[in-house]
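Read through the structure below, which is laid out as C-alpha cells, and then see the notes.
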Amino acid sequence: MKYETDYQLIVNESTVLSIIKAFYRESFSSTYSYIKVPLLLVHATEPEELQEARKRGIQKLNEEIEDVTIRELPDTNHMLQWDKPKEVGEVIRNWLNQKQRI
C-alpha cells in the first residue's frame, strides 16, 4: 500500500469506537459559552458518513461562540494536519493575518 505521507496512524476498531463513544458521553459543548476569544475550526470532509455529525457540531459552534471561523479542507480525514500539512498551515496563517488586521 502506498502512502502520500511519512506518517500513518494505526489503531484497531475497538480503540476508535471507544474514542467516538467517549465524545457522546462527555459533552464538551457545554463549555462553548466560556470561549471568549476568536476560534478557528479547520475540519475534515472524510469519511462522508460523518457529514451530518459535522454539520450539527458546526451549527452548535456558530450558535454558542461569538467569533468562530469554520474552514473545510476537502479530501481529508480526522488527522487533516497529516493529510495536507501545507494547506492546514496556510489556513491558519491566513486566519491569523486576518485577525491581526481587525
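The values are calculated or read from the model by the stated rules, or taken from the named source; none is laboratory data. On a predicted model such as this, the values are computed, not experimentally measured, just so you know. Every residue, glycine as well, gets a Cβ built from its backbone with ideal geometry; the counts of neighbours run over all protein chains shown.
Observations on the structure shown:
- Neighbours by Cβ (under 7 Å, 6+ apart or cross-chain): first from region 20-39, of a type in the set (V, I, T); second at pLDDT 80 or above and surrounded by 10 or more Cβ atoms within 10 Å (Cβ to Cβ): I35/I65
- Among the numbered conditions (1) in contact (Cβ under 8 Å) with a residue 24 or more places away in the chain; (2) in contact with a Ser or Thr (Cβ under 9 Å, 6 or more places away or on another chain); (3) not aliphatic (A, V, I, L, M), the only one that R54 does not meet is (1).
- The residues in region 54-78 that are more than 25 Å from K99 (Cβ to Cβ) and surrounded by 12 or more Cβ atoms within 10 Å (Cβ to Cβ) can be counted, and the count is 2.
So that you can scan it fast, the table gives a plain yes or no per residue for (1) over 17 Å from the mean Cα position of the chain (by Cα); (2) modelled with pLDDT of 90 or more; (3) not in a helix (DSSP H, G or I):
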position: E4; (1), (2), (3): yes, no, yes
position: Y7; (1), (2), (3): yes, no, yes
position: S18; (1), (2), (3): yes, no, no
position: L61; (1), (2), (3): no, yes, no
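- Candidate set from region 58-77 (those that are in contact (Cβ under 8 Å) with a residue 24 or more places away in the chain, of a type outside the set (D, E, K, R) and touching a strand residue (DSSP E or B) at 6+ places or on another chain (Cβ under 9 Å)); member that is nearest to V11 (Cα to Cα): T76
- Residue check for K36: under 18 Å from L96 (Cα atoms) and either charged (D, E, K, R) or modelled with pLDDT under 90 (or both): yes
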